[in-house]
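**Student:** Below you'll find the structure I mean.
The values are calculated or read from the model by the stated rules, or taken from the named source; none is laboratory data. Just so it is clear, the model here is predicted, and its values are computed rather than measured. Quick reminder, even Gly has a Cβ in these numbers, built from the backbone with ideal geometry, and neighbours come from all protein chains shown. The accessibility values were calculated without ligands, DNA or RNA, using every heavy atom of the protein model including side chains. Shrake-Rupley method; radii C 1.70, N 1.55, O 1.52, S 1.80 Å.
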Amino acid sequence: MEFEIIKKTEPKETFRVSSVLNAFDLSIDKVCEKFKGNIQIEDKDWNVGLIVGSSGSGKSTIAKELFKDGYIFEQNYSESSVIDDMPKEKSVKEITKAFTSVGFASPPSWLKPYSVLSNGEKMRCDLAKSILEEKEIVVFDEFTSVVNREVAKTGSFAIQKAIRKMNKKFIAVACHSDIIEWLEPDWIYNTDEQRFFFVQTNTNDHKSNLKYSGTQTIRMKFGNPLKSIII
């Protein structure tokens, strides 16, 4: 899936804009952003992907452009209980199973409106709703951004287990690399370097050591070394 995305920004040439352009020797054309790369997932067997990088590196732009049908930035909630905000065609059993699978396992919280849930509960509720929707690929932006890092790790582990059990496809878009160990993605796209990594395990157990194919251990600059990578 090769791409070249040009994100244009065309501010009006006001006095302030003109002052910045002149002061820093810029032109309107130079305000545009360009993202070029290749996410090689066609004809591959995978369940969990990760697009990760620093703020402004193009994560959301790339995710929206390549996976627009599955892209989720925020969910809509309007009912007095979150269980009634889930897809209408799903049964109570299916909904509660999805809640539990992502670690949102408190029945009293299922009966509360979304607005009063904690940040960790909101994230898990969003995840449950996303996997209940009938999408070929679910792309979840700002993944774990608003929760503490312990919740981020446990939530990442829960969602990858649920996705694999249901044999769905899920792509997390995140700026934190500490979730890699817990999300255990099958592939990673690093937007800081515009580089793609496909990860493969030795066994069916995703908590087993990863086996890497190559001549040297690859250390991603934003985190710990992956135990195995195929490039």
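**Student:** As an exercise, identify the trypsin sites (Lys or Arg not before Pro) in segment 81-110 lying in DSSP coil whose Cβ has no more than 10 other Cβ atoms within 10 Å. Mind showing how you got there, number by number?
**Tutor:** Working: sites: Lys88, Lys90, Lys93, Lys97; in loops: Lys88, Lys90.
Within segment 81-110, the qualifying trypsin sites (Lys or Arg not before Pro) (loop, at most 10 other Cβ atoms within 10 Å) are Lys88.
**Student:** Residue by residue, what Karplus-based ³J(HN,Hα) values in Hz, rounded to whole numbers, does segment 135-149 have, using 6.51, -1.76 and 1.60 with θ = phi - 60° and x for Gly and Pro?
**Tutor:** In residue order, the calculated couplings are 10, 5, 9, 9, 10, 10, 7, 6, 5, 6, 5, 9, 10, 5, 5 Hz.
**Student:** Can you give the Rg and Dmax of segment 49-189 based on its C-alpha atoms, in angstrom?
**Tutor:** Rg and Dmax of segment 49-189, Cα atoms, are 14.2, 40 Å.
**Student:** Now a separate question. Could you give the length gained by full extension between Lys97 and Ile28, i.e. 0.36 nm per residue of separation minus their alpha carbon distance, to one decimal place?
**Tutor:** On the way: separation 69, 0.36 × 69 = 24.84 nm, distance 5.14 nm.
Answer, rounded to one decimal: 19.7 nm.
**Student:** Report the GluC sites (Glu not before Pro) located in segment 57-140 that are in a DSSP loop and have at most 11 other Cβ atoms inside 10 Å of their Cβ, or state none.
**Tutor:** Numbers: sites: Glu65, Glu74, Glu79, Glu89, Glu94, Glu121, Glu133, Glu134, Glu136; in loops: Glu74, Glu79, Glu89, Glu133, Glu134, Glu136.
Answer by residue number: Glu74, Glu79, Glu89, Glu134, Glu136.
**Student:** On to the next question. Going 7 Å from the Cα of Glu134 along its beta-carbon direction, which residues of segment 79-99 have the amide nitrogen within less than 11 Å of the resulting point?
**Tutor:** 89-90
**Student:** Show me the ranking of peptides 17-23, 100-106 by mean Cβ neighbours inside 10 Å, starting with the highest.
**Tutor:** On the way: 17-23: 11.6, 100-106: 18.7.
Highest mean packing first, the order is 100-106, 17-23.
**Student:** Same structure again: Given a 1.4 Å probe and the protein chains all in place, what does the accessible area of Tyr77 round to, in Å² to the nearest 10?
**Tutor:** Accessible surface of Tyr77 is approximately 50 Å².
**Student:** Given R₀ = 30 Å, FRET efficiency for Ile6-Glu42 by Cβ-Cβ distance, to 0.05?
**Tutor:** Working: r = 23 Å, r/R0 = 0.77.
Efficiency, from the Cβ-Cβ distance: 0.85.
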